[in-house]
Amino acid sequence: MKKYWTDLGASVVVFLVALPLCVGVAVASGVPAELGIVTGVVGGIVVGLLPGSTMQVSGPAAGLTVLVADAVSRHGIGALGVIVLGAGLLQVALGLARCGRWFRAISPSVVQGMLAGIGLVLIFGQLRHLVVSPIALALGVLTVLIMLLWQRSPMRVVPGVLVGVVVCTGLAATFASPVDRINVGTLSTDVHLPDFSLLNTGIIGTAVVFALVASAESMFSAAAVDRMHDGPRTRYNKELVAQGVGNTLCGLLGALPMTAVIVRSAANVSAGARTRVSRVLHGVWLLLFVVLLPGLLTLIPIAVLAAVLVHAGWKLLGLREVVSLWRTDKAEGFIFVLTAGLIVGTDLLTGTVAGLLAAVVKTAWDMSRLSVVVTPEGVALRGNATFLRLPALLDELDRVDREHVRMDLSGVRHLDQACGQAIDQWVDQSRRAGRTVDLVGR
């Protein structure tokens, strides 16, 4: 019974963390604030009850803000439900096809670059809400300072993000500050069925991107959360199905897409959660809030939420991990910069795909290590002879000037067609020139 009391306390902590983030992500995405809370409710109650992960908590994520804002600007908010519904169904299919663990097989430099790129876009996108007036800037700076300082206080069991939002909202209300505030509608107006008449190839492509990015973020979060506790490990395929069911329902309600969110999940573990009860109850608290107290949201200045998201974007940059990555492997550091830079300069899909391709090329290059050693008897090859090393191989063979050549291929672990043909041609040319060539190991 004791563990359920700890779950109750953890659920309140997660609720207090999730509330401002749900609202902030919705506003930054260009959709009504209450739709962010609807996604949090579905992520808590529906996904929380499904098997997969015990400790991680789902809801609208800052990492999807860029995608959602772009989709809404291109296709309109009416198409959001269709996109999220399609993404959810694809996630369910991928989970049933047992593809959950494959999302973890991505280069860390690409993942970090993707998160950093999203963080930069998020920061740049929110700065415009902070520089509109000195009062807005002061509220934003104060919000960030409170969040940072609160983490070092003895009362940090109360989430710093909540304290920052409540204090700065209270100051703005007390002094009647002339700043823009959140507009809140009603669930009966903003929650609606998807309009399938808007379906086209562009929307289908966007749904695929949503599914892949949301799935990857959820699987990365699961791996991170599993390292934070000693409880049951995540069953990735079932968790992917659970995420898909949640997004399918969010699509039917016209709400934001969801992922597993590392900030809420970490808060859940740190608050002492032991079972999935805590994440389900956090969804119940969100539902009660949006039904009973939606008017409180209208008091929150947009600049305060912008500051919360700037802070979230800064954390996505992961500067400490970036410095470590660059010191360890310059090539991986380049992939990180390439991915993040293209995401900022173009879009999320272009940057991520370019980063994945660069990672594949780097891996192929590393796997094709080949040494060509000129010995007194001739030439000895060691390693993997692939087309990536073909120019260097030909250069070394052209330097061989002996009447009798012994070419030793016994140390070659892999010989691709390009290198094999090049070696055969060189042998034929050498023999036509009157040399004696002995092939060993082929």
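Identify, from the list Val213, Val225, the residue that is open to solvent by 10 Å² or more (accessible area, probe 1.4 Å), in a helix (DSSP H, G or I) and not aromatic (Phe, Trp, Tyr). Walk me through it before giving the result.
Numbers: Val225 fails: open to solvent by 10 Å² or more (accessible area, probe 1.4 Å).
So the residue among Val213, Val225 that is open to solvent by 10 Å² or more (accessible area, probe 1.4 Å), in a helix (DSSP H, G or I) and not aromatic (Phe, Trp, Tyr) is Val213.
For the range 1-18, what are the residues that are of a type outside the set (Ser, Thr, Tyr) and open to solvent by less than 20 Å² (accessible area, probe 1.4 Å)?
Within the range 1-18, Asp7, Ala10, Val14, Val17, Ala18 qualify.
Every residue in the range 49-82 that is under 26 Å from Phe196 (Cβ atoms), more than 18 Å from the chain's Cα centre (by Cα) and assigned to a helix (DSSP H, G or I), please.
Val72, Ser73, Arg74, His75, Ile77, Gly78, Ala79, Leu80, Gly81, Val82
What residue, among those in the range 228-246 that are hydrophobic (A, V, I, L, M, F, W, C) and open to solvent by 10 Å² or more (accessible area, probe 1.4 Å), is nearest to Pro60 (Cα to Cα)?
Val245
Just give me the residues in the range 340-392 being open to solvent by less than 60 Å² (accessible area, probe 1.4 Å) and assigned to a loop (DSSP other than H, G, I, E, B), in sequence order.
Asp347, Ser368, Thr386
So which residues in the range 315-331 are open to solvent by 40 Å² or more (accessible area, probe 1.4 Å) and part of a helix (DSSP H, G or I)?
Lys315, Leu316, Leu319, Arg320, Glu321, Val323, Ser324, Trp326, Arg327, Thr328, Lys330, Ala331 - these are the residues of the range 315-331 that are open to solvent by 40 Å² or more (accessible area, probe 1.4 Å) and part of a helix (DSSP H, G or I).
Of these, Leu149, Leu162, which one is more than 24 Å from Leu319 (Cα to Cα) and assigned to a helix (DSSP H, G or I)?
Sole residue among the options that is more than 24 Å from Leu319 (Cα to Cα) and assigned to a helix (DSSP H, G or I): Leu162.
Does Leu249 meet the test of being open to solvent by 20 Å² or more (accessible area, probe 1.4 Å), free of Cβ contacts under 8 Å to residues at least 12 places away in the same chain and assigned to a helix (DSSP H, G or I)?
No, not satisfied.
Name the pairs whose Cβ atoms lie under 7 Å apart, with the first residue in the range 23-44 and closer than 21 Å to Ser265 by Cα and touching a residue at least 60 places away in the same chain (Cβ under 8 Å), the second buried (at least 24 other Cβ atoms within 10 Å of the Cβ) and of a type in the set (D, E, K, R), and 6 or more positions between them or separate chains?
Once the first residue is closer than 21 Å to Ser265 by Cα and touching a residue at least 60 places away in the same chain (Cβ under 8 Å) and sits in the range 23-44, its partners that are buried (at least 24 other Cβ atoms within 10 Å of the Cβ) and of a type in the set (D, E, K, R) give Gly44/Arg279.
Looking only at the range 279-298, decide whether some residue is under 23 Å from the mean Cα position of the chain (by Cα) and in a loop (DSSP other than H, G, I, E, B).
no
Considering each residue of the range 415-442, count those that are under 48 Å from the mean Cα position of the chain (by Cα), surrounded by fewer than 17 Cβ atoms within 10 Å (Cβ to Cβ) and within 16 Å of Ala380 (Cβ to Cβ), and give that number.
Selection size over the range 415-442: 2.
Here are Leu299, Leu286, Leu281: which of them is under 17 Å from Gly44 (Cβ atoms), in contact with a strand residue (DSSP E or B) (Cβ under 9 Å, 6 or more places away or on another chain) and in contact (Cβ under 8 Å) with a residue 12 or more places away in the chain?
Leu286
Give all pairs with beta carbons closer than 8 Å in which a residue from the range 337-363 that is assigned by the TED database to the domain that holds Ser109 and within 20 Å of Glu217 (Cβ to Cβ) meets a residue that is open to solvent by 40 Å² or more (accessible area, probe 1.4 Å) and not in a helix (DSSP H, G or I); count only pairs at least 6 apart in sequence or on separate chains.
Going by the 8 Å Cβ cut-off, the qualifying pairs are Leu356/Ile106; Ala359/Ile106.
Under the condition of being of a type in the set (A, V, I, L, M) and part of a strand (DSSP E or B), which residue from the range 394-414 is most open to solvent (accessible area, probe 1.4 Å)? Walk me through it before giving the result.
Pass one, the range 394-414, residues of a type in the set (A, V, I, L, M): 394, 397, 400, 405, 407, 409, 412.
Now restrict to residues that are part of a strand (DSSP E or B): 405, 407, 409, 412.
On the way: Val405: 0, Met407: 1, Leu409: 9, Val412: 30 Å².
For the range 394-414, the residue satisfying everything is Val412.
Looking at the range 106-154, which of its residues are farther than 30 Å from Thr346 by Cβ and touching a helix residue (DSSP H, G or I) at 6+ places or on another chain (Cβ under 6 Å)? Steps first, answer last, please.
Just the residues of the range 106-154 that are farther than 30 Å from Thr346 by Cβ, to begin with: 133-135, 138-139, 141-143, 145-154.
Selection gives Leu139, Leu142, Thr143, Ile146, Met147, Trp150, Gln151.
Restricted to the range 193-210, and to residues that are without any contact (Cβ under 8 Å) to a residue 40 or more places away in the chain and not in a loop (DSSP other than H, G, I, E, B), which residue is farthest from Leu94 (Cα to Cα)? Steps first, answer last, please.
Of the residues in the range 193-210, the ones without any contact (Cβ under 8 Å) to a residue 40 or more places away in the chain are 197, 200-201, 205.
Checking which are not in a loop (DSSP other than H, G, I, E, B) leaves us with 197, 201, 205.
Numbers: Ser197: 26, Thr201: 20, Gly205: 16 Å.
Only one residue tops the list, namely Ser197.
The values are calculated or read from the model by the stated rules, or taken from the named source; none is laboratory data. Bear in mind the structure is a predicted one, so any value in this text is a computation, not a measurement. FYI the Cβ positions are ideal-geometry reconstructions off the backbone, even for glycines, and counts take in every protein chain you see. Remember, those area values only see protein heavy atoms, side chains included, never the ligands or the DNA or RNA. Shrake-Rupley method; radii C 1.70, N 1.55, O 1.52, S 1.80 Å.
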